[in-house]
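S.K.: Please read through the structure below; I'll follow up with questions.
The values are calculated or read from the model by the stated rules, or taken from the named source; none is laboratory data. None of these values were measured; they are calculated from a predicted model. Here the Cβ positions follow ideal geometry from the backbone for every residue, glycine too, while neighbour counts run over all protein chains shown.
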Amino acid sequence: MKTPLNYTGNKSRLMDQFKNHFPKDVNVFVDLFCGGATVGLSVDAKKVIFIDNNINVINLLKHLSKYNFDTLLLRLETLVEKYGLSYSAKHGYKKYKKLSGETDNNGFKEYNTLGYYKLRSDYNSVKDKSSKEACDLLYLLVVYAFNNDMRFNRSGEFNLPIGKTDLNKNNIEKLKQYIDRVKKIDCDFICGDFREENIKKILMDADFIYADPPYLIGNAVYNETSNWTEQTEQELIDLLELLNKSKKRFAVSNVLDKVGASNKPLSDWLFNRNDLHIVDIDYHYRGASYNKINRAAREREVLIKNF
């Protein structure tokens, strides 16, 4: 399942590996640090609860889930026309290449520059970022932004430069698949921090929790206000330990080691444990295997589970 948000750390290509290690008998599934919601949308569960502390992400996921696909697409098409943006899914690729004279390497960048920055400015000026207007604009910003990503500065303004792509057939198909999927399942979208008591209660009431936190030794920057430290990592570990003692099944994605760095809090927590299991994930998508901790490994992306 690919979602409309090309979120940093998206796990769509790892789901085949993950499903081999997820339980089959899940009533309530929690996708903690859900990001683009790929994992929660790809599992079989009676109910899925998506949790992330990024209010813009949650608002957008919730917004896109509310509407009929045709109704939403019509609104987006109106905005595309308003801002003079390319729409290759409808008009093809060659039309815009002839108009802009760009090389293939730049995609639709030159054609969309003026419209994109006007779109970005208008979005940043909207006071209510949870409104229908703001969320429609934000979705289009993601579509036309650099790497189709989502990033905000410390003032809460969307600050990514223009990218090379547009509202193409692939983006429209992902949007349609997302809307079709969320309308078939029972799901909730909640903005919250894993340290909040109301979030802990949700986790304690769930059957299975999957967590994909920011990686302490990763290179991704989710936005310019992110601040994941060793202390935050330890607080998450404390929560996982609480879940473990409460017999709550969970699985967590992370990186244990990479060139020049090691996730010491996580390695220390895992060391010499028989109740926690480490699955080495092949991020080149060739397979997965169980291994013991090897602190000398060049890089280890892992799935940690307690069952």
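S.K.: Of the residues Lys201, Lys184, Lys164, which single one is free of Cβ contacts under 8 Å to residues at least 12 places away in the same chain and assigned to a loop (DSSP other than H, G, I, E, B)?
M.R.: The match here is Lys184.
S.K.: Here's something else I'd like to know. Could you list, in sequence order, all residues of the range 4-36 that are without any contact (Cβ under 8 Å) to a residue 40 or more places away in the chain and either within 22 Å of Leu137 (Cα to Cα) or in contact with a helix residue (DSSP H, G or I) (Cβ under 9 Å, 6 or more places away or on another chain) (or both)?
M.R.: Scanning the range 4-36 gives Asn10, Ser12, Met15, Lys19, Gly36.
S.K.: Let me ask another. Give the range 6-41 a look and list any residue that's within 22 Å of Leu175 (Cα to Cα), at pLDDT 90 or above and assigned to a loop (DSSP other than H, G, I, E, B), or say none.
M.R.: Those that are within 22 Å of Leu175 (Cα to Cα), at pLDDT 90 or above and assigned to a loop (DSSP other than H, G, I, E, B): Phe33, Cys34, Gly35, Gly36, Ala37.
S.K.: Checking the conditions here, which among Lys132, Lys164, Lys169 is under 23 Å from Lys97 (Cα atoms), at pLDDT 95 or above, surrounded by fewer than 20 Cβ atoms within 10 Å (Cβ to Cβ) and over 16 Å from the mean Cα position of the chain (by Cα)?
M.R.: Lys169
S.K.: Could you tell me whether Tyr178 is of a type in the set (Ser, Thr, Tyr), within 26 Å of Asn10 (Cβ to Cβ) and either in contact with a Phe, Trp or Tyr (Cβ under 9 Å, 6 or more places away or on another chain) or part of a helix (DSSP H, G or I) (or both)?
M.R.: Spelling it out, Tyr178 is indeed of a type in the set (Ser, Thr, Tyr), within 26 Å of Asn10 (Cβ to Cβ) and either in contact with a Phe, Trp or Tyr (Cβ under 9 Å, 6 or more places away or on another chain) or part of a helix (DSSP H, G or I) (or both).
S.K.: Which residues, counting only those in the range 47-75, are more than 12 Å from the chain's Cα centre (by Cα), among the charged types (D, E, K, R) and not in a helix (DSSP H, G or I)?
M.R.: Going through the range 47-75, the residues more than 12 Å from the chain's Cα centre (by Cα) turn out to be 47-49, 55, 59, 62-75.
Next, from what is left, pick out any that are among the charged types (D, E, K, R): 47, 62, 66, 70, 75.
Listed by number, the residues that qualify are Lys47, Lys66.
S.K.: What are the residues in the range 236-281 that are aromatic (Phe, Trp, Tyr) and in a strand (DSSP E or B), if any? Lay out the reasoning, then the answer.
M.R.: The first filter runs over the range 236-281 and keeps only residues aromatic (Phe, Trp, Tyr), leaving 250, 269, 271.
The one that is aromatic (Phe, Trp, Tyr) and in a strand (DSSP E or B): Phe250.
S.K.: Which condition number does Tyr210 fail, the rest of (1) in contact with a Phe, Trp or Tyr (Cβ under 8 Å, 6 or more places away or on another chain); (2) more than 24 Å from Ser253 (Cα to Cα) being met?
M.R.: (2) is the only condition that Tyr210 fails.
S.K.: To continue, here is another question. Would you mind stating whether Asp128 is assigned to a loop (DSSP other than H, G, I, E, B) and in the same structural domain as Tyr215 (by TED's automatic domain parsing)?
M.R.: Taking the combined requirement at face value, the residue does not satisfy it.
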